[in-house]
Amino acid sequence: MMRLIVDGREIDVPPEYTLLQACEAAGAEIPRFCFHERLSIAGNCRMCLVEVVGIPKPQASCAMAVKDLPPNKDGSPKKVNTRTPMVKKAREGVMEFLLINHPLDCPICDQGGECDLQDQAMAYGVDASRYAENKRAVEDKYIGPLVKTIMTRCIHCTRCIRFSTEVAGVPELGAIGRGEDMEITTYLEHAMTSELQGNVVDLCPVGALTSKPYAFSARPWELTKTQSIDVMDALGSAIRIDTRGREVMRILPRVNDDVNEEWISDKTRHVVDGLRTQRLDQPYVRDQGRLRPASWAEAFAAIVAKVKATEPQRIGAIAGDLCAAEEMYALKDLLTRLGSANIDARQDGAAFDPSWGRATYLFNATIAGIDRADALLIIGSNPRREAAVLNARIRKRWRAGHFPIALIGEKCDLTYPYDYLGGGAETLAGIGKSRFAEAVRRAERPIVLLGAGAVTRDDGAAVAALAARTAIELGAVKHGWNGFSVLHHAASRVAALDLGLVPGAGGKTAAQMAAGAVDVLFLLAADEIDVKPGPFVIYIGTHGDRGAHRADVILPGAAYPEKSGLYVNTEGRVQLANRAGFPPGDAREDWAILRALSERLGARLPYDSLAALRERLFTAHPPLMRLGEVVPGDIEDIGKLAKRGGDPRRDVLKSPIDDFYLTNPIARASAVMAECSALAQAAARTAAE
Amino acid sequence: MSVRRLAPPELQPKSFAFTAENLAWAKQQLAKYPPGRQQSAIIPLLWRAQQQAGGWLPEPAIRYVADFLGVAHIRALEVATFYTMFNLQPVGRFHVQLCGTTPCRLRGADELERVCRARIGAPGAVTHDGKFSWVEVECLGACVNAPMVQINEDYYEDLTAESFGRILDELAAGRKVKPGPQIDRQLSAPVGGPTTLKEKA
């Protein structure tokens, strides 16, 4: 520790701290543009100048380490001043230089109201310009469908370049030219290809990079901000939903170091327009082959008639990928009361089973645990597509060094290098002899990442058992460290498995039900499964997507920003998503639909409010009460899973996601996602040629 | 300095690749750097690519060098646009870099500039026969022999409008011109012979 005196306050800081960190630790506020905690240090905006007593010139505090300060002759602690007139004058000088070429277009700038430059100009700006020469004007660049550029506003902080190079791992942005003529662009204005590119908009301290889909649509002070949880993948990234009136205007990340740090994927951020289009806003009933608008009473009557005429064993339900725990609990409750055990939440046919124990389907190492891990084996997964933010976390760990990574499955560009071991399960079975296995055995905390897609095959249970056996053999499962980690891609999946949404005794699986093993089938926002002709399908959901097209009765539900719900992410973290708006038209929250329907079906669910439902849910499943926490599984379960054995086939363990941008009904309704998808497909085709 | 852009697509060649000789040379350059630091060779490689392409850097060459070093294309573009000695636009067979910094100005660079404008045209433009182009550059470090120009690799010093014009004539006619001082002076020694240390020690 080194002692400093910051603004007269003595403080001890670690020697590797920068002056900026030390000043912040002492409670001083340091203005900055280029410095960012999660990016490398550039030191080029000069806004963070402080005075170090003994050094004649002001110092850029972000780029000066405490240990590099020349010691005082008498050995007394160095004095750092952040509020002296010298510091203020220096920062005012920097601000004046920054503003020389910055246009005065705040009234038409989307960053207005949440602009670092605007805010800091209030403290360090001068009221008039002394600059009489011509101002610089810069051509705007096309860098993709998500990021709009107004390059005259750029102050050359290079945060976007550092983000795309370091965090996203797709070094596409760069600065061409030099000095005053430096310009941020991609190579020949190609569109960026990163799934995390939207984050550069948040990073940009001025209005040079703004959100293209959100351009000119709202001002920050008109928006109501709701803290919530993302459902586009199974990470449960912390998000902030900004609404104006009843419309969701945009989605931004919140800081949650345990899950998403402060990044979110483009799907999370830009799916917003999908919440407005293709919405189901009233019930529909199929009449002579065509869906016609109906009242709730009509729709319910049609369902009641059908259900009453069907034997309980011929009734079934499938829960979708975006469902909250509450409605899945209510759905299971309803089916149980109707006397049916045909319920399943595993639309993709993943072999996970709650009876194996919770640890067998969780990301046991935890997302933050990746930072501590020292080896990684990826099995049948493409984390970049299944959980882009998690992939950035792996990349971050890889950048820190000494992190061997190997992949079994489909070859793909993960933004970091890895050993490609092979495609199929036989590689996994024979991994013990590979060079990588030796590296893993030397590691203390290896992670075996099993993609949920690898177990969606009919031999999925055998693949899971083999993966568990491999994890144990490689020493990834031991006292104090459980590195057997399942990466799910559906937000609802872990909660569904926790709640036991799998077929009961004699029950039928999702695939069997879809193939026609039942006569009445409830689809709770289940759109990723193809239901064959035959069953009478009741679709409860939000979008006119695959499920609704197949449905005989449609009951309009609420999308994730329109309801309060519990989600359990892939590591088993229980999180509460808050309601930011209301469902459109006659649509209702899904649990309430099930509650109303249950009364008509003569199987009344005993809860009249969400609070009462949660009370029963928590009584039945106490771990779900522990909000924000990871409820770990029992490490012994991995051993039991490994012993189950089985003989998996040799074909390639594939990731289930072909198109990152179109994985759920909301994303498929979004024009922005469609454009991103088309660009990504075109880029993939060019790369293949 | 002004914004520098790549040449328009119609001037760009379809592709670029090092000749066998340059390729061997480039591999030799790479060996100078420790493993994982090969991208440090980007400036010499771009320079060689510029020489091979006839004094300017076409876009495919920038891409080629980036791919050769395994870095993102934008990284090579950053370097190529940063350094003004990488010509992004086509240049003439003889590319004149006229020093316009103070000592040369005081010694008559204005006259040389007039010659350039009269003989070649506007800065950056290439003559119709493709033989000449010129730009004004900052100090080339031969102030003692001001005014001077650099034509391709060679310095021509102690110029006047006449001697500079003669050099251009000779080059246009395809004849060799002696580089260096164009008056009776040895390198940068005093004009008319030594003024000190004349006695034998």
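Would you give the gap between the C-alpha center of region A:534-607 and the C-alpha center of region A:332-354, rounded to a whole Å? Answer, in whole Å: 16.
Counting only helical runs of four or more DSSP H residues, what would the 222 nm mean residue ellipticity of chain B come to if each run contributes -39,500 (n - 2.57) and the total is spread over all its residues? Please report the intermediate quantities before stating the final value.
Numbers: 7 runs with 71 residues, N = 201.
It lands at -10500 deg cm²/dmol.
Against the main long axis of the alpha-carbon atoms of chain A, helix A:460-473 sits at an angle near 50°. Short-range pairs are left out: with C-alpha atoms under 8 Å and at least six residues apart, the relative contact order of region B:94-181 is 34 percent.
Hydrodynamic estimate: the Kirkwood radius of region A:181-307 over Cα pairs, inserted into Stokes-Einstein at 20 °C and 1.002 mPa s, corresponds to D of 120 µm²/s. With viscosity set to 1.002 mPa s and temperature to 20 °C, compute the Stokes-Einstein D of region B:94-181, Rh being the Kirkwood radius across alpha carbon pairs; µm²/s, no decimals. Value of D from the Cα-based Kirkwood radius: 170 µm²/s.
For region A:330-408, report the convex hull volume of the alpha-carbon atoms normalised per residue, in Å³, without decimals. Kindly include the intermediate steps, with their values, before the conclusion.
Details: hull volume 10.2 nm³, N = 79.
So the per-residue Cα hull volume is 129 Å³.
Secondary structure note: in the protein assembly as shown, about 55% of the DSSP beta bridges are antiparallel.
What number results when the radius of gyration of region B:9-82, computed over Cα atoms, is divided by 2.2 N^0.38 Å?
Values: Rg = 11.7 Å, N = 74, 2.2 N^0.38 = 11.3 Å.
Taking the Cα Rg and dividing by 2.2 N^0.38 Å, one obtains 1.03.
Where only DSSP H runs of four or more residues are counted, chain A gives -7500 deg cm²/dmol as its mean residue ellipticity at 222 nm, each run worth -39500 (n - 2.57).
For chain A, the longest principal axis of the alpha carbon atoms and the long axis of helix A:85-100 meet at an angle near 70°. Taking the longest Cα principal axis of chain A as reference, the axis of helix A:610-620 is set at about 80 degrees. Surface composition of region A:23-114: carbon plus sulfur atoms contribute 58% of the solvent-accessible area (1.4 Å probe, protein chains only, all chains present). Note on chain B: Cα-Cα pairs beyond 27 Å make up 41% of the total pair count.
When both region A:175-244 and region B:42-81 are represented by their alpha-carbon centers, they are found 31 Å apart. The relative contact order of chain A, computed from alpha carbon pairs under 8 Å that lie at least 6 residues apart in sequence, is 15 percent. Largest first, the three principal axis extents of the alpha carbons in region A:1-140 are 52, 31, 23 Å in whole numbers. The per residue volume of the convex hull around the alpha-carbon atoms of region B:1-51 is 126 Å³.
Relative to the 2.2 N^0.38 Å rule of thumb, region A:102-181 has a C-alpha radius of gyration ratio of 1.25. Taking only the alpha-carbon positions of the protein assembly as shown and ignoring solvent, what does the Debye formula give for the base-10 log of I(q)/I(0) at q = 0.05, 0.07, 0.09 Å⁻¹? The Debye formula, applied to the Cα set alone, gives -0.39, -0.71, -1.04. Of the residues making up region B:1-40, those losing 50 Å² or more of accessible area when the isolated chain is joined by the remaining protein chains, with a 1.4 Å probe, are B:Met1, B:Arg5.
Just to be sure I follow: if Rg is taken over the C-alpha atoms of region A:445-589 and Rh is the Kirkwood radius over the same atoms, what is Rg/Rh? Mind dumping the intermediate values first?
On the way: Rg = 18.4 Å, Rh = 17.7 Å.
That ratio is 1.04, to two decimals.
The values are calculated or read from the model by the stated rules, or taken from the named source; none is laboratory data. Every value quoted in this text rests on a predicted model; they were computed, and no experiment measured them. Side chains included, ligands, DNA and RNA excluded: accessible areas come from the protein's heavy atoms. Shrake-Rupley method; radii C 1.70, N 1.55, O 1.52, S 1.80 Å.
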